[in-house]
Amino acid sequence: MAEVRVGMVGYKFMGKAHSHAYHDIPLFFPKVVRPIKQVICGRDPDGLQGARTQFGWNHAETDWRRLVERDDVDLIDVNAPSNAHKDIVIAAAQNGKHVFCEKPLALTLADSREMLGAVREAGVKHMVGFNYRFAPAVKLAKSLIDSGRLGKIYHFRGLFLQDWIIDPSFPHVWRLDKEVAGSGSLGDLGAHSIDLARFLVGEISEVVAMSETFVKRRPKPTSMTGLTATASSDTSEMVDVTVDDATLFMARFENGALGSFEATRFAPGHRCTNSFEINGNLGSVRFDFERMNELEVYFTSDESDVQGFRRVIATDPAHAYSDIWWPPGHTIGYEQTFIHEVVELLQAIDEDRLPLPNFEDGVICQSILQSVEQSIETRAWVKVDNRV
Ligand code: SOE
């Protein structure tokens, strides 16, 4: 296969990250099947034309239904808000297109299962956008765990902390609307921690949770780009916040490890603290996305006089993707996680295998999100259904 022609729905924050990945892959991964930025799709014709020119897409469509029927597209990339995922993914699969969908996969577990059913029935490849798996330091944590160097795992401690809506006058953007986003900090941020926990430690068997919406009404937005927005000055235009501002939960893993998770948009000073610590009987690792090239590592076997966490910069020749980027110590960034993710997708399409993480991971994550929500409602432990 010489190339994969992409049709992408959405052109804002994630659309920019994905466009950049398609742009850079031929430059840095010349042996990987070439992605072609064929058609970009969005509802607002002016915004769409601007994005098409800025990101370098060949064509533009204002209706995703026309996009998924086009003969000149092989892969549909869905990074529109979460309530749009299901219909687009199912229609894309029914038209024989491979699908790449941002997280969380769907608004509900039932919808995510329908989406998995559709891609399976169509026999197309599918990937869900858990990009943090692709940071070299996270891959190092994975290889230390898989090779047994941390021993038996006892704890996973995951935090995803942000502060972009801490101001009560920040407007009611789509991420605060349950109908559009499914949930708040839980599905947006907690989903990443859940995926990292499953990737690194294993399946979760049960959860107990609590959550809070600290600011219950917010002004109507007049515009939004990325995570910034402007509010209407008309104070009568207040809208109910229908999602969680913060969700905390505890979990048991099938392998006996214990997990604790905290997802919040109310942690001043934390712009994007996606972090975890994992403890095993032979050692520990600590990761914080704000210092994404580093993994802190502790081994119980170190000589007693030098015991302590060491800071490993995961860009040495021993580490994933180091041959692609810069000399040791020359760091990489957020955008590389998307590049690595899309490389996995393109290689999988080329090699006729399923990429990882795929919709099965999306469904299990959705099942955990649902169990967390049930636990919040019932104030009790809830078993997780890990069937896909
Ligand atoms: C906003 O909270 C956001 O951009 C999430 O939507 C992303 O998935 C996360 O990676 C960073 O924060």
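Nothing in this text is a laboratory measurement; each read-out follows from the coordinates by a stated rule. Everything numeric in this text was worked out from a predicted model, so none of it was measured. For neighbour counting, all protein chains shown are included, and Cβ atoms are generated from backbone atoms with ideal geometry for every residue, glycine included.
With both residues required to sit in the chain, DSSP beta bridges show an antiparallel share near 60%.
When you restrict to C-alpha pairs under 8 Å that are six or more residues apart and normalise by the size of segment 3-131, the relative contact order lands at 23 percent. For segment 242-301, the Kirkwood estimate of hydrodynamic radius, built from reciprocal distances between every pair of different alpha carbons, is 13.6 Å. Applying the criteria of a DSSP loop state and at most 10 other Cβ atoms within 10 Å to the trypsin sites (Lys or Arg not before Pro) of segment 52-100 yields no site. Expressed in Å, the radius of gyration and Dmax of the Cα atoms of the chain are 20.8, 66. Set the Cα radius of gyration of segment 3-131 against 2.2 N^0.38 Å, with N its number of residues, and you get 0.98.
Relative contact order of segment 179-327: 18 percent, from C-alpha pairs under 8 Å at least 6 residues apart in sequence. Would you please classify the overall shape of segment 113-205 from the alpha carbon gyration tensor, given that a ≥ b ≥ c denote the square roots of the eigenvalues, rounded means a/c under 1.5, and beyond that prolate means a/b larger than b/c while oblate covers the rest? In terms of gyration-tensor shape, oblate. Normalising the average separation of contacting C-alpha pairs (under 8 angstrom, six or more residues apart) by the number of residues puts the relative contact order of the chain at 20 percent.
In the chain, the sites counted are GluC sites (Glu not before Pro) in DSSP loop states with at most 15 other Cβ atoms within 10 Å, and the longest stretch holding none of them, exclusive of the sites, is 1-202.
Loop-located trypsin sites (Lys or Arg not before Pro) across segment 146-203 with a Cβ neighbour count of 16 or fewer within 10 Å are ARG149, LYS152, with loop assigned by DSSP. Shape class for segment 299-355, computed from the alpha carbon gyration tensor (a ≥ b ≥ c): prolate, with a/c not under 1.5 and a/b above b/c.
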